[in-house]
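Bear in mind these aren't lab numbers, they're just calculated from the coordinates by the rules spelled out. Since the model is a prediction, treat every value here as computed from it, not as a measurement. Don't worry about glycine lacking a Cβ; one is built from the backbone with ideal geometry, like all the others, and counts go over all protein chains shown.
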Amino acid sequence: MHVGEYMGWNRKVDRIFKLRKEQKDKDITEASSEDIYVDEYYNPDEDREPINAGDNLEKGDLFAMILSAWITIIPISLGILLLIVGLAWLLLGL
């Protein structure tokens, strides 16, 4: 490859990069000045659907949730209650 061919290729590449940069700068200035909601009032709450608690439950899910809560809470509360009674029994000597 001769020096002249390399320089010609380099000028083509430089011209492409320059055009792409100008196009990018033009797109950025157009995008920053453009407001997509100029002609209408936009309320973001219109896009949201109200949340209903029972909409996504299947048959038997409520019973399963209550049962799992009892299985989790009752042993812990009984353990704390027994600990309090045991400490009272040791400290008071009943």
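Structure above, values below:
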read-out	value
Zone residues, region 59-74, relative to LEU81, backbone N less than 15 Å from point 7 Å out along Cα-to-Cβ	70-74
Distance in nm between pseudo-label sites at LYS12 and THR72 (7 Å out along the Cβ direction from Cα)	6.7
All lysines inside 25 Å of LYS12 as judged from Cα atoms, apart from same-chain residues fewer than 8 positions distant	LYS21, LYS24, LYS26
